[in-house]
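> Structure below; questions to follow.
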Amino acid sequence: MLKPGTRIKMTMGYRGAKGVITEKIKSKFEFYAVKLENGINIIVGPSAFEVE
């Protein structure tokens, strides 16, 4: 589990885009709300990014 504020870099979809985890989604799966530096907010799983 990653904490809000963790800096990430996308590896799928928005590959290369950087952002920050804003919250853990309430789900039995490990999904996170992420705000990317380009202003887009997305929901992603841990396979879609790497921690910086």
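> In nm, what is the difference between 0.36 nm times the number of residues separating Thr11 and Glu50 and their Cα-Cα distance?
13.4 nm
> Please list, ordered by chain and number, the residues whose modelled amide H lies under 5 Å from the amide H of Ile8; skip anything fewer than 5 residues away on the same chain.
HN-HN under 5 Å from Ile8: Gly19, Val20, Ile21, Glu52.
> Something else now. Please count, across the chain, the pairs of lysine residues with Cα atoms under 12 Å apart that sit 8 or more places apart or on different chains.
For the chain, qualifying lysine pairs total 4.
> Right, next: With Kirkwood radius over Cα pairs in Å in mind, check (1) 12.2; (2) 10.6; (3) 13.2 and report the label derived from this structure.
Label of the calculated value: (2).
> Still on this structure, I have one more. Once phi is turned into ³J(HN,Hα) by the Karplus curve 6.51 cos²θ - 1.76 cosθ + 1.60 with θ = phi - 60°, what whole-Hz value does each residue of the stretch 8-22 show in order, with x for glycine and proline?
My calculation for the stretch 8-22 gives 9, 10, 5, 10, 9, x, 8, 3, x, 6, 9, x, 9, 6, 9 Hz in order.
> Given Cα pairs under 8 Å that are at least 6 residues apart, what percent is the relative contact order of the stretch 7-51?
About 38 percent, as a whole number.
Bear in mind that the values in this text are calculations on the coordinates, not laboratory data. The shown structure was predicted, so the numbers you read here are calculated from the model rather than taken from an experiment.
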